[in-house]
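Scroll down for the structure; my scribbles are underneath it.
The values are calculated or read from the model by the stated rules, or taken from the named source; none is laboratory data. Keep in mind that this is a model prediction, so the values were computed, not measured. Cβ: placed from backbone, ideal geometry, glycine included. Neighbour counts: every protein chain shown. Surface accessibility is based on the protein's heavy atoms, side chains included, excluding ligands, DNA and RNA. Shrake-Rupley method; radii C 1.70, N 1.55, O 1.52, S 1.80 Å.
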Number of protein chains: 2
Amino acid sequence: MSSLTGPGRPRDPQTQHDIMSATRRLLARDGYDQLSIEAVAREAGVSRPTIYRRWPSKAHLAFDAAFGQRPDGELLSLSGDFETDLRAFTHAVLTFWGDPVVEAAALGILTERRRDPELHIRTQQLLDERTRGAFRALVDSGVEQGRVRPDVDVDMVYQTLIGTAFYIAHMEPDVNAEDAADRLCSLLIHGAGRTQPRKKDTA
Amino acid sequence: MSSLTGPGRPRDPQTQHDIMSATRRLLARDGYDQLSIEAVAREAGVSRPTIYRRWPSKAHLAFDAAFGQRPDGELLSLSGDFETDLRAFTHAVLTFWGDPVVEAAALGILTERRRDPELHIRTQQLLDERTRGAFRALVDSGVEQGRVRPDVDVDMVYQTLIGTAFYIAHMEPDVNAEDAADRLCSLLIHGAGRTQPRKKDTA
(Lines give C-alpha, C1' and ligand atoms only; values in the text may rest on other atoms or scores of the structure.)
Protein backbone atom coordinates (compact mmCIF):
# COMPACT_ATOMS: atom_id res chain seq x y z
CA MET A 1 0.00 0.00 0.00
CA SER A 2 1.40 3.36 -1.01
CA SER A 3 0.57 6.74 0.45
CA LEU A 4 -1.95 7.06 -2.37
CA THR A 5 -4.25 4.42 -1.01
CA GLY A 6 -6.04 6.40 1.62
CA PRO A 7 -6.26 9.11 4.18
CA GLY A 8 -4.67 8.80 7.58
CA ARG A 9 -6.53 6.77 10.15
CA PRO A 10 -8.15 8.63 12.99
CA ARG A 11 -6.60 8.21 16.38
CA ASP A 12 -9.84 7.58 18.21
CA PRO A 13 -11.47 4.32 17.09
CA GLN A 14 -14.83 5.33 18.58
CA THR A 15 -14.89 8.55 16.55
CA GLN A 16 -13.95 6.60 13.43
CA HIS A 17 -16.71 4.13 14.13
CA ASP A 18 -19.30 6.86 14.73
CA ILE A 19 -18.40 8.68 11.52
CA MET A 20 -18.52 5.49 9.46
CA SER A 21 -21.87 4.46 10.95
CA ALA A 22 -23.36 7.90 10.36
CA THR A 23 -22.11 7.90 6.76
CA ARG A 24 -23.63 4.49 6.11
CA ARG A 25 -26.97 5.50 7.60
CA LEU A 26 -27.15 8.66 5.51
CA LEU A 27 -26.01 6.92 2.31
CA ALA A 28 -28.69 4.25 2.67
CA ARG A 29 -31.39 6.77 3.56
CA ASP A 30 -30.66 9.72 1.26
CA GLY A 31 -28.30 8.53 -1.47
CA TYR A 32 -24.88 9.81 -2.40
CA ASP A 33 -25.72 13.19 -3.85
CA GLN A 34 -27.65 14.21 -0.73
CA LEU A 35 -24.72 13.23 1.47
CA SER A 36 -22.64 16.08 2.89
CA ILE A 37 -19.78 16.30 5.35
CA GLU A 38 -21.97 18.64 7.38
CA ALA A 39 -24.81 16.13 7.60
CA VAL A 40 -22.42 13.35 8.59
CA ALA A 41 -20.84 15.54 11.27
CA ARG A 42 -24.28 16.32 12.71
CA GLU A 43 -25.38 12.69 12.56
CA ALA A 44 -22.15 11.46 14.16
CA GLY A 45 -21.99 14.24 16.77
CA VAL A 46 -18.54 15.45 15.69
CA SER A 47 -17.27 18.67 14.17
CA ARG A 48 -16.75 19.11 10.44
CA PRO A 49 -12.99 19.65 10.87
CA THR A 50 -12.80 16.28 12.64
CA ILE A 51 -14.02 14.69 9.42
CA TYR A 52 -12.01 16.87 7.04
CA ARG A 53 -8.81 16.07 8.92
CA ARG A 54 -9.31 12.44 8.08
CA TRP A 55 -11.04 12.41 4.70
CA PRO A 56 -10.23 14.76 1.84
CA SER A 57 -13.75 14.67 0.38
CA LYS A 58 -17.12 13.07 0.80
CA ALA A 59 -16.21 10.61 -1.97
CA HIS A 60 -13.38 9.19 0.13
CA LEU A 61 -15.61 9.16 3.19
CA ALA A 62 -18.26 7.22 1.26
CA PHE A 63 -15.60 4.89 -0.15
CA ASP A 64 -14.40 3.92 3.32
CA ALA A 65 -17.94 3.65 4.68
CA ALA A 66 -19.03 1.33 1.86
CA PHE A 67 -15.86 -0.60 1.08
CA GLY A 68 -13.56 -0.17 4.06
CA GLN A 69 -14.94 -3.04 6.08
CA ARG A 70 -15.47 -5.36 3.20
CA PRO A 71 -15.46 -8.94 4.38
CA ASP A 72 -12.93 -10.31 1.90
CA GLY A 73 -12.58 -13.41 4.01
CA GLU A 74 -16.21 -14.30 3.49
CA LEU A 75 -15.95 -13.86 -0.27
CA LEU A 76 -13.55 -16.73 -0.61
CA SER A 77 -14.20 -19.97 1.19
CA LEU A 78 -12.75 -22.98 -0.58
CA SER A 79 -14.72 -26.05 0.44
CA GLY A 80 -13.15 -28.27 -2.18
CA ASP A 81 -16.30 -28.31 -4.31
CA PHE A 82 -16.02 -25.73 -7.08
CA GLU A 83 -19.70 -25.28 -7.77
CA THR A 84 -20.48 -24.76 -4.09
CA ASP A 85 -17.68 -22.23 -3.79
CA LEU A 86 -18.60 -20.34 -6.95
CA ARG A 87 -22.17 -20.13 -5.77
CA ALA A 88 -21.09 -18.82 -2.36
CA PHE A 89 -18.81 -16.24 -4.01
CA THR A 90 -21.55 -15.15 -6.43
CA HIS A 91 -24.08 -14.89 -3.63
CA ALA A 92 -21.64 -12.81 -1.57
CA VAL A 93 -20.98 -10.50 -4.54
CA LEU A 94 -24.71 -10.08 -5.24
CA THR A 95 -25.43 -9.39 -1.58
CA PHE A 96 -22.54 -6.96 -1.32
CA TRP A 97 -23.51 -4.87 -4.36
CA GLY A 98 -27.16 -5.02 -3.35
CA ASP A 99 -26.43 -3.45 0.06
CA PRO A 100 -28.14 -0.02 -0.06
CA VAL A 101 -24.98 1.63 1.31
CA VAL A 102 -22.77 0.12 -1.37
CA GLU A 103 -25.35 0.73 -4.07
CA ALA A 104 -25.57 4.44 -3.21
CA ALA A 105 -21.83 4.94 -2.71
CA ALA A 106 -20.85 3.14 -5.91
CA LEU A 107 -22.65 5.56 -8.22
CA GLY A 108 -21.20 8.63 -6.54
CA ILE A 109 -17.71 7.22 -6.47
CA LEU A 110 -17.81 6.15 -10.12
CA THR A 111 -18.83 9.70 -11.00
CA GLU A 112 -16.29 11.51 -8.83
CA ARG A 113 -13.32 9.36 -9.70
CA ARG A 114 -13.37 10.94 -13.16
CA ARG A 115 -11.56 13.91 -11.67
CA ASP A 116 -9.98 12.43 -8.56
CA PRO A 117 -6.95 10.31 -9.52
CA GLU A 118 -6.52 9.00 -6.00
CA LEU A 119 -10.11 7.80 -5.89
CA HIS A 120 -9.63 6.26 -9.31
CA ILE A 121 -6.68 4.27 -8.02
CA ARG A 122 -8.55 3.17 -4.92
CA THR A 123 -11.51 1.82 -6.92
CA GLN A 124 -9.23 0.01 -9.34
CA GLN A 125 -7.32 -1.52 -6.45
CA LEU A 126 -10.52 -2.61 -4.77
CA LEU A 127 -11.88 -4.37 -7.84
CA ASP A 128 -8.71 -5.35 -9.63
CA GLU A 129 -6.55 -6.55 -6.83
CA ARG A 130 -8.60 -7.54 -3.84
CA THR A 131 -11.67 -9.14 -5.37
CA ARG A 132 -10.11 -10.37 -8.59
CA GLY A 133 -7.31 -12.06 -6.67
CA ALA A 134 -9.82 -13.94 -4.53
CA PHE A 135 -11.77 -14.93 -7.62
CA ARG A 136 -8.68 -16.17 -9.45
CA ALA A 137 -7.88 -18.52 -6.55
CA LEU A 138 -11.42 -19.86 -6.76
CA VAL A 139 -11.18 -20.52 -10.50
CA ASP A 140 -7.77 -22.14 -10.09
CA SER A 141 -9.31 -24.58 -7.62
CA GLY A 142 -12.04 -25.34 -10.19
CA VAL A 143 -9.43 -26.11 -12.84
CA GLU A 144 -7.60 -28.37 -10.40
CA GLN A 145 -10.84 -30.20 -9.65
CA GLY A 146 -11.45 -30.70 -13.35
CA ARG A 147 -14.65 -28.63 -13.19
CA VAL A 148 -13.40 -25.62 -15.14
CA ARG A 149 -11.74 -25.70 -18.53
CA PRO A 150 -8.05 -24.84 -18.20
CA ASP A 151 -8.25 -22.18 -20.94
CA VAL A 152 -11.05 -20.36 -19.11
CA ASP A 153 -11.16 -16.59 -19.66
CA VAL A 154 -10.93 -15.73 -15.95
CA ASP A 155 -11.00 -11.98 -16.50
CA MET A 156 -14.18 -12.14 -18.54
CA VAL A 157 -15.90 -14.42 -16.03
CA TYR A 158 -14.91 -11.96 -13.32
CA GLN A 159 -16.16 -8.92 -15.23
CA THR A 160 -19.39 -10.75 -15.97
CA LEU A 161 -19.90 -11.61 -12.33
CA ILE A 162 -19.30 -8.12 -10.93
CA GLY A 163 -21.10 -6.39 -13.80
CA THR A 164 -24.18 -8.57 -13.48
CA ALA A 165 -24.25 -8.11 -9.70
CA PHE A 166 -24.07 -4.33 -10.24
CA TYR A 167 -26.85 -4.42 -12.84
CA ILE A 168 -29.12 -6.55 -10.66
CA ALA A 169 -28.51 -4.32 -7.62
CA HIS A 170 -29.56 -1.22 -9.53
CA MET A 171 -32.11 -2.47 -12.03
CA GLU A 172 -33.63 -5.55 -10.39
CA PRO A 173 -33.47 -4.72 -6.67
CA ASP A 174 -36.32 -7.09 -5.78
CA VAL A 175 -34.53 -10.15 -7.11
CA ASN A 176 -33.81 -12.82 -4.52
CA ALA A 177 -30.04 -13.11 -4.16
CA GLU A 178 -30.12 -16.90 -3.63
CA ASP A 179 -32.10 -17.39 -6.78
CA ALA A 180 -30.01 -14.94 -8.81
CA ALA A 181 -26.79 -16.62 -7.66
CA ASP A 182 -28.09 -20.01 -8.79
CA ARG A 183 -29.14 -18.69 -12.17
CA LEU A 184 -25.97 -16.69 -12.81
CA CYS A 185 -23.70 -19.59 -11.79
CA SER A 186 -25.62 -21.99 -13.97
CA LEU A 187 -25.23 -19.69 -16.97
CA LEU A 188 -21.55 -19.06 -16.34
CA ILE A 189 -20.77 -22.75 -15.91
CA HIS A 190 -22.93 -24.26 -18.63
CA GLY A 191 -23.49 -21.43 -21.10
CA ALA A 192 -26.61 -20.82 -23.14
CA GLY A 193 -25.50 -22.76 -26.19
CA ARG A 194 -26.82 -26.10 -27.25
CA THR A 195 -23.55 -27.73 -28.30
CA GLN A 196 -23.10 -29.54 -25.01
CA PRO A 197 -24.93 -32.83 -24.51
CA ARG A 198 -26.56 -31.96 -21.20
CA LYS A 199 -29.87 -33.46 -20.29
CA LYS A 200 -32.54 -30.83 -20.54
CA ASP A 201 -34.17 -29.83 -17.31
CA THR A 202 -37.68 -31.12 -17.25
CA ALA A 203 -38.91 -28.53 -14.76
CA MET B 1 -46.61 5.53 -24.16
CA SER B 2 -48.27 7.37 -21.29
CA SER B 3 -47.90 11.00 -20.30
CA LEU B 4 -45.26 9.82 -17.86
CA THR B 5 -42.78 8.89 -20.53
CA GLY B 6 -41.31 12.25 -21.32
CA PRO B 7 -41.46 15.96 -21.62
CA GLY B 8 -43.16 17.69 -24.51
CA ARG B 9 -41.22 17.91 -27.73
CA PRO B 10 -39.94 21.31 -28.77
CA ARG B 11 -41.55 22.88 -31.78
CA ASP B 12 -38.32 23.90 -33.45
CA PRO B 13 -36.29 20.87 -34.53
CA GLN B 14 -33.13 22.95 -34.90
CA THR B 15 -33.36 24.18 -31.31
CA GLN B 16 -33.95 20.62 -30.13
CA HIS B 17 -30.94 19.46 -32.11
CA ASP B 18 -28.71 22.24 -30.76
CA ILE B 19 -29.69 21.54 -27.16
CA MET B 20 -29.12 17.80 -27.54
CA SER B 21 -25.73 18.33 -29.21
CA ALA B 22 -24.63 20.79 -26.53
CA THR B 23 -25.73 18.41 -23.77
CA ARG B 24 -23.80 15.54 -25.34
CA ARG B 25 -20.65 17.64 -25.73
CA LEU B 26 -20.76 18.78 -22.11
CA LEU B 27 -21.56 15.32 -20.75
CA ALA B 28 -18.61 13.79 -22.58
CA ARG B 29 -16.27 16.60 -21.59
CA ASP B 30 -17.25 17.37 -18.01
CA GLY B 31 -19.34 14.48 -16.71
CA TYR B 32 -22.85 14.48 -15.32
CA ASP B 33 -22.33 16.30 -12.07
CA GLN B 34 -20.67 19.25 -13.77
CA LEU B 35 -23.56 19.52 -16.21
CA SER B 36 -26.02 22.35 -15.62
CA ILE B 37 -28.98 23.74 -17.52
CA GLU B 38 -27.15 27.07 -17.55
CA ALA B 39 -24.05 25.59 -19.19
CA VAL B 40 -26.15 23.79 -21.79
CA ALA B 41 -28.06 26.98 -22.57
CA ARG B 42 -24.79 28.87 -23.06
CA GLU B 43 -23.27 26.10 -25.16
CA ALA B 44 -26.40 25.76 -27.32
CA GLY B 45 -26.98 29.51 -27.61
CA VAL B 46 -30.50 29.39 -26.17
CA SER B 47 -32.08 30.77 -23.02
CA ARG B 48 -32.50 28.73 -19.86
CA PRO B 49 -36.32 29.01 -20.02
CA THR B 50 -36.18 27.49 -23.51
CA ILE B 51 -34.66 24.39 -21.95
CA TYR B 52 -36.79 24.37 -18.82
CA ARG B 53 -39.95 24.56 -20.91
CA ARG B 54 -38.99 21.28 -22.50
CA TRP B 55 -37.16 19.33 -19.82
CA PRO B 56 -38.14 19.26 -16.15
CA SER B 57 -34.58 18.69 -14.93
CA LYS B 58 -31.05 18.12 -16.11
CA ALA B 59 -31.55 14.39 -15.52
CA HIS B 60 -34.28 14.27 -18.16
CA LEU B 61 -32.19 16.41 -20.48
CA ALA B 62 -29.26 14.01 -20.07
CA PHE B 63 -31.57 11.03 -20.54
CA ASP B 64 -32.79 12.30 -23.89
CA ALA B 65 -29.30 13.34 -24.99
CA ALA B 66 -27.84 9.93 -24.19
CA PHE B 67 -30.73 7.59 -24.91
CA GLY B 68 -33.18 9.52 -27.06
CA GLN B 69 -31.56 8.71 -30.38
CA ARG B 70 -30.64 5.18 -29.56
CA PRO B 71 -30.24 3.14 -32.71
CA ASP B 72 -32.49 0.24 -31.72
CA GLY B 73 -32.62 -0.90 -35.29
CA GLU B 74 -28.90 -1.47 -35.33
CA LEU B 75 -29.02 -3.50 -32.15
CA LEU B 76 -31.04 -6.21 -33.77
CA SER B 77 -30.10 -7.51 -37.18
CA LEU B 78 -31.11 -11.09 -37.75
CA SER B 79 -28.84 -12.61 -40.37
CA GLY B 80 -30.01 -16.16 -39.76
CA ASP B 81 -26.79 -17.15 -38.01
CA PHE B 82 -27.28 -16.91 -34.26
CA GLU B 83 -23.64 -16.55 -33.27
CA THR B 84 -23.08 -13.77 -35.80
CA ASP B 85 -26.17 -11.96 -34.59
CA LEU B 86 -25.37 -12.36 -30.89
CA ARG B 87 -21.87 -11.04 -31.52
CA ALA B 88 -23.24 -8.02 -33.39
CA PHE B 89 -25.75 -7.34 -30.61
CA THR B 90 -23.06 -7.68 -27.94
CA HIS B 91 -20.69 -5.43 -29.84
CA ALA B 92 -23.45 -2.83 -30.25
CA VAL B 93 -24.25 -2.97 -26.52
CA LEU B 94 -20.57 -2.64 -25.55
CA THR B 95 -20.08 0.26 -27.95
CA PHE B 96 -23.24 1.95 -26.74
CA TRP B 97 -22.40 1.78 -23.02
CA GLY B 98 -18.80 2.72 -23.75
CA ASP B 99 -19.85 5.96 -25.46
CA PRO B 100 -18.56 8.74 -23.16
CA VAL B 101 -21.94 10.49 -23.32
CA VAL B 102 -23.85 7.39 -22.27
CA GLU B 103 -21.24 6.49 -19.66
CA ALA B 104 -21.49 9.92 -18.03
CA ALA B 105 -25.29 10.18 -18.25
CA ALA B 106 -25.91 6.67 -16.92
CA LEU B 107 -24.31 7.31 -13.55
CA GLY B 108 -26.17 10.57 -13.01
CA ILE B 109 -29.49 9.12 -14.07
CA LEU B 110 -29.10 6.03 -11.89
CA THR B 111 -28.46 8.35 -8.95
CA GLU B 112 -31.28 10.79 -9.60
CA ARG B 113 -33.93 8.24 -10.41
CA ARG B 114 -33.92 7.32 -6.71
CA ARG B 115 -36.13 10.32 -6.07
CA ASP B 116 -37.67 10.94 -9.50
CA PRO B 117 -40.39 8.35 -10.19
CA GLU B 118 -40.79 9.48 -13.80
CA LEU B 119 -37.10 9.04 -14.47
CA HIS B 120 -37.27 5.66 -12.79
CA ILE B 121 -40.02 4.58 -15.14
CA ARG B 122 -38.15 5.90 -18.18
CA THR B 123 -34.98 3.94 -17.36
CA GLN B 124 -36.94 0.76 -16.67
CA GLN B 125 -38.76 1.17 -19.98
CA LEU B 126 -35.53 1.75 -21.83
CA LEU B 127 -33.85 -1.36 -20.50
CA ASP B 128 -36.82 -3.60 -19.85
CA GLU B 129 -38.92 -3.03 -22.89
CA ARG B 130 -36.87 -1.71 -25.76
CA THR B 131 -33.59 -3.55 -25.40
CA ARG B 132 -34.88 -6.67 -23.72
CA GLY B 133 -37.53 -7.10 -26.39
CA ALA B 134 -34.91 -6.94 -29.14
CA PHE B 135 -32.75 -9.41 -27.26
CA ARG B 136 -35.57 -11.86 -26.73
CA ALA B 137 -36.23 -11.97 -30.49
CA LEU B 138 -32.53 -12.72 -31.01
CA VAL B 139 -32.55 -15.59 -28.51
CA ASP B 140 -35.76 -16.99 -30.00
CA SER B 141 -34.03 -17.15 -33.38
CA GLY B 142 -31.12 -19.00 -31.73
CA VAL B 143 -33.51 -21.57 -30.26
CA GLU B 144 -35.16 -22.01 -33.66
CA GLN B 145 -31.77 -22.57 -35.25
CA GLY B 146 -30.93 -25.21 -32.64
CA ARG B 147 -28.03 -23.11 -31.36
CA VAL B 148 -29.54 -22.15 -28.00
CA ARG B 149 -31.03 -24.53 -25.49
CA PRO B 150 -34.81 -24.10 -25.37
CA ASP B 151 -34.81 -23.74 -21.57
CA VAL B 152 -32.31 -20.86 -21.73
CA ASP B 153 -32.66 -18.27 -18.95
CA VAL B 154 -33.14 -15.32 -21.30
CA ASP B 155 -33.50 -12.77 -18.53
CA MET B 156 -30.24 -13.79 -16.89
CA VAL B 157 -28.35 -13.78 -20.21
CA TYR B 158 -29.73 -10.31 -20.84
CA GLN B 159 -28.79 -9.00 -17.39
CA THR B 160 -25.33 -10.49 -17.82
CA LEU B 161 -24.87 -8.83 -21.17
CA ILE B 162 -25.94 -5.34 -20.11
CA GLY B 163 -24.24 -5.57 -16.71
CA THR B 164 -20.94 -6.69 -18.19
CA ALA B 165 -21.08 -3.97 -20.84
CA PHE B 166 -21.67 -1.42 -18.08
CA TYR B 167 -18.79 -2.78 -16.01
CA ILE B 168 -16.39 -2.79 -18.94
CA ALA B 169 -17.38 0.75 -19.95
CA HIS B 170 -16.61 2.07 -16.48
CA MET B 171 -13.83 -0.14 -15.20
CA GLU B 172 -12.04 -1.31 -18.35
CA PRO B 173 -12.44 1.62 -20.74
CA ASP B 174 -9.36 0.68 -22.78
CA VAL B 175 -10.73 -2.72 -23.74
CA ASN B 176 -11.24 -3.24 -27.45
CA ALA B 177 -14.98 -3.67 -28.07
CA GLU B 178 -14.48 -6.27 -30.83
CA ASP B 179 -12.30 -8.38 -28.61
CA ALA B 180 -14.58 -7.99 -25.58
CA ALA B 181 -17.63 -8.95 -27.67
CA ASP B 182 -15.89 -12.13 -28.85
CA ARG B 183 -14.88 -13.10 -25.33
CA LEU B 184 -18.22 -12.33 -23.73
CA CYS B 185 -20.18 -14.20 -26.43
CA SER B 186 -17.89 -17.19 -26.15
CA LEU B 187 -18.43 -17.33 -22.39
CA LEU B 188 -22.19 -16.88 -22.64
CA ILE B 189 -22.54 -19.56 -25.30
CA HIS B 190 -20.10 -22.18 -24.05
CA GLY B 191 -19.77 -21.46 -20.33
CA ALA B 192 -16.66 -21.88 -18.23
CA GLY B 193 -17.40 -25.43 -17.10
CA ARG B 194 -15.62 -28.51 -18.34
CA THR B 195 -18.64 -30.77 -18.73
CA GLN B 196 -18.91 -30.13 -22.47
CA PRO B 197 -16.64 -32.11 -24.79
CA ARG B 198 -15.25 -29.14 -26.71
CA LYS B 199 -11.81 -29.35 -28.19
CA LYS B 200 -9.47 -27.19 -26.17
CA ASP B 201 -8.01 -24.21 -27.96
CA THR B 202 -4.36 -24.78 -28.65
CA ALA B 203 -3.52 -21.08 -28.88
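Distances between copies at B:GLU43, taken between label points 7 Å from Cα along the C-beta direction, are 3.2 nm in increasing order. A Gaussian network model of chain A, with springs between Cα atoms under 10 Å, assigns the largest mean-square fluctuation among A:LEU138, A:LEU94, A:LEU110 to A:LEU110.
For A:152-160, what's the mean count of beta carbons from other chains sitting within 10 Å of each residue's beta carbon?
On the way: counts 5, 6, 1, 3, 12, 5, 1, 12, 11.
Going residue by residue through A:152-160 and averaging, the value is 6.
Shown for B:ASP140: label points 7 Å from Cα along the beta-carbon vector, and their distances to the equivalent points in the other copies, 4.7 nm in ascending order.
Taking the 0 to 90 degree range and rounding to the nearest ten, how far is the long axis of helix B:13-30 tilted relative to the main principal axis of chain B, both from C-alpha atoms? Long axis of B:13-30 versus the principal axis of chain B: about 70 degrees. Our helix-only sum for the protein assembly as shown, with -39,500 (n - 2.57) per DSSP H run of n ≥ 4 divided by its residues, gives a mean residue ellipticity at 222 nm of -19500 deg cm²/dmol.
The equivalent ellipsoid that matches the C-alpha gyration tensor of chain A spans semi-axes of 37, 18, 14 angstrom, in descending order. Remark: mean inter-chain Cβ contacts per residue of B:31-40 equal 2, using a 10 Å Cβ-Cβ cutoff to other protein chain atoms.
The angle between the Cα long axis of helix B:132-144 and the main principal axis of chain B comes to about 20°, on a 0 to 90 degree scale. Shown in residue order for segment B:43-51 are the 3J(HN,Hα) couplings computed by the Karplus curve 6.51 cos²θ - 1.76 cosθ + 1.60 at θ = phi - 60°: 5, 8, x, 10, 8, 4, x, 4, 6 Hz (x for Gly and Pro). Per the accessible-area calculation with a 1.4 Å probe, the total area buried between chain A and chain B rounds to 5200 Å².
Amide H to amide H distances under 5 Å link B:VAL148 with A:ARG194, B:VAL143, where only residues 5 or more positions off or on other chains count and H is placed in the peptide plane.
Potential lengthening of the chain between A:SER21 and A:HIS120 amounts to 33.3 nm, from the contour at 0.36 nm per residue minus the alpha-carbon distance. Between this copy and the others, label points of B:PRO173 are 2.7 nm apart in ascending order, each placed 7 angstrom from Cα in the Cβ direction.
Measuring only protein heavy atoms, the 1.4 Å probe finds B:ARG130 accessible over about 90 Å². Charging the Cβ of each Asp and Glu at -1 and of each Lys and Arg at +1, and nothing else, the dipole of the protein assembly as shown about its Cα centre rounds to 680 debye. The mean number of Cβ atoms from other chains found within 10 Å of a Cβ in peptide A:179-189 is 4, as a whole number.
Across segment A:95-101, computed HN-Hα scalar couplings (Karplus, 6.51 cos²θ - 1.76 cosθ + 1.60, θ = phi - 60°) run 5, 4, 6, x, 4, x, 5 Hz from first to last residue, x flagging Gly and Pro. Extension gain for B:ARG136 to B:ASP174 (0.36 nm times residue separation, less C-alpha to C-alpha distance): 10.7 nm.
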